[in-house]
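S.K.: My questions all concern the structure below.
Coordinate-derived values only; no laboratory data. Since we're looking at a predicted model, the values are computed, not measured. Here the Cβ is made from the backbone with ideal geometry for all residues, glycine too, and neighbour counts use every protein chain on show.
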């Protein structure tokens, strides 16, 4: 459904209250043609966690955790490992 909006004097367009607080990606696909996509976006400082290597290691750790129940730590035994 096409909607006509007017760009205000500050250069802004309102998408409506149902989109308030949500992130959108705005792409100019051609001169005067804009594409607006609603979505979740990854902050630059969190992109590392989405790399293939990190995802592989996380999946491996999750698989291990699903197969191995938590156990109480033996502190005395742990001290011997450190020495």
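S.K.: Compute a Gaussian network model of the chain, connecting alpha carbons closer than 10 Å, and tell me which residue from 12, 22, 55 fluctuates the most.
M.R.: Highest fluctuation among the options: 12.
S.K.: Three principal axis extents, largest first, for the C-alpha atoms of the chain, in Å?
M.R.: In descending order, the Cα extents are 72, 27, 26 Å.
S.K.: In whole percent, what relative contact order does region 1-41 give with Cα contacts below 8 Å and a gap of six or more residues? Working shown, then result.
M.R.: Working: 30 pairs, mean separation 11.3, N = 41.
Computed over region 1-41, the figure is 28 percent.
S.K.: While we're here: For 2, 74, what ranking results if the residue with the fewest other Cβ atoms within 10 Å of its Cβ goes first? Mind dumping the intermediate values first?
M.R.: On the way: 2 3, 74 9.
With the fewest neighbours first, 2, 74 line up as 2, 74.
S.K.: Counting other beta carbons within 10 Å of each residue's own, what order do 81, 64 fall into, fewest first?
M.R.: Numbers: 81 6, 64 9.
Taking fewest neighbouring Cβ atoms as first place, the list is 81, 64.
S.K.: For Cα pairs less than 8 Å apart in space and 6+ apart in sequence, what is the mean separation divided by the residue count of the chain, i.e. the relative contact order in percent? Can you show the working numbers first?
M.R.: Numbers: 32 pairs, mean separation 11.0, N = 83.
Relative contact order, the chain: 13 percent.
S.K.: Grab the beta carbon distance between residue 82 and residue 61, set R0 = 30 Å, and tell me the FRET efficiency rounded to 0.05.
M.R.: Values: r = 23 Å, r/R0 = 0.76.
Calculated transfer efficiency: 0.85.
S.K.: What angle do you read, to the nearest 10 degrees and between 0 and 90, between the alpha-carbon axis of helix 52-67 and the longest principal axis of the chain?
M.R.: 50 degrees
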